[in-house]
Amino acid sequence: VQDRTAAIELGRQMKADVVVIGSAMAEEAINRMGEDRTFNAFIKLTGYNVVTSEQAVATDINAVATSQTNEEGNINALVKAAELAAEDLGQQLDSYWMDYMRKERSFEVRIEGDKFLARYLALTRRFKQMPGVENVQPKEMGSGHAVLEMFYKGSPSQFANTLLLKTFDDFGFELTEVTDDIVTIQLIEKVMDSVPPDAEEAGTGEGEKN
């Protein structure tokens, strides 16, 4: 696939993080090494971030192999070039993802639920205490819902995973949607521990004795 747009769309369908497209070729060179013929291989690859469509990595590799036959020479040269390209792309990807995760990006946080205002205020105060949260801007506010713009150094899924570790005294929450653009939070009643049946029976018996 040489079409960047088509490759990125395919990557999204496959739930990939990065797609890499490019070309590879091998050909016999003019120069020789004794009885052996020389073969050059060329590999040019470009990788794109599936979420942002931006170029993430690129490599342009040339490798040489010698052989007395066309088939073996071309294959050996391509294998060498592929190994070099894989090593180069691997190092670039490590560096790219480290920088990418440090970047501040924004996404929507939608909050819904009953007894909304007090719980909303408690939740947004907790947001501002979370590492990676740079800013929180209200976009829409209603009696039972709100939409926020979250500026966060990390992905929505990382934000969601960190949020799941937070607890509140008076309510709980459920993450009903986590995508590349939106995190939806449903505020719910906190489930209280039920009284064991035998404890209820014992209490009833004592009451009757009195």
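The values are calculated or read from the model by the stated rules, or taken from the named source; none is laboratory data. Just so it is clear, the structure is predicted and the values come from calculations on it, not from any experiment. When we count neighbours, we look across all protein chains shown, and the Cβ atoms used for this are built from the backbone with ideal geometry, even at glycine. These accessible areas exclude ligands, DNA and RNA; they are computed on the full protein's heavy atoms, side chains included. Shrake-Rupley method; radii C 1.70, N 1.55, O 1.52, S 1.80 Å.
Here are a few things to note about the model shown:
- Check on Glu112, open to solvent by 70 Å² or more (accessible area, probe 1.4 Å) and touching a residue at least 12 places away in the same chain (Cβ under 8 Å): yes
- Test: Met101 is closer than 23 Å to Thr162 by Cα and in contact (Cβ under 8 Å) with a residue 40 or more places away in the chain: yes
- Hits in the range 41-76 (condition: more than 30 Å from Thr179 (Cβ to Cβ) and aliphatic (A, V, I, L, M)): Ala41, Ile43, Ile61, Ala63, Val64, Ala65, Ile75
- Only one entry of Val183, Val178 meets the criterion of being farther than 21 Å from Asp114 by Cβ, within 18 Å of the chain's Cα centre (by Cα) and at pLDDT 90 or above, and that entry is Val178.
Every residue, every condition in (1) of a type in the set (A, V, I, L, M, F, W, C); (2) farther than 30 Å from Met101 by Cβ; (3) surrounded by fewer than 19 Cβ atoms within 10 Å (Cβ to Cβ), yes or no:
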{"position": "Asp17", "(1), (2), (3)": "no, no, yes"}
{"position": "Ala26", "(1), (2), (3)": "yes, yes, no"}
{"position": "Ile30", "(1), (2), (3)": "yes, yes, yes"}
{"position": "Ile43", "(1), (2), (3)": "yes, no, no"}
{"position": "Gly47", "(1), (2), (3)": "no, no, no"}
{"position": "Thr52", "(1), (2), (3)": "no, no, yes"}
{"position": "Val64", "(1), (2), (3)": "yes, yes, yes"}
{"position": "Ala82", "(1), (2), (3)": "yes, no, yes"}
{"position": "Ala85", "(1), (2), (3)": "yes, no, no"}
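- Within the range 119-133, one or more residues are in contact (Cβ under 8 Å) with a residue 12 or more places away in the chain, open to solvent by 20 Å² or more (accessible area, probe 1.4 Å) and assigned to a loop (DSSP other than H, G, I, E, B).
- Residue count for the range 139-166 under the criterion of being open to solvent by less than 90 Å² (accessible area, probe 1.4 Å) and either in a strand (DSSP E or B) or in contact with a Lys or Arg (Cβ under 7 Å, 6 or more places away or on another chain) (or both): the result is 9.
- Given (1) under 25 Å from Ala6 (Cα atoms); (2) within 27 Å of the chain's Cα centre (by Cα), number of the condition Ile43 does not satisfy: (2)
- Residue tally, condition at pLDDT 90 or above and of a type in the set (D, E, K, R), over the range 1-35: 4
- Residue, surrounded by the fewest Cβ atoms within 10 Å (Cβ to Cβ), within the range 178-189, restricted to residues that are in contact (Cβ under 8 Å) with a residue 24 or more places away in the chain and within 13 Å of Arg110 (Cα to Cα): Asp181
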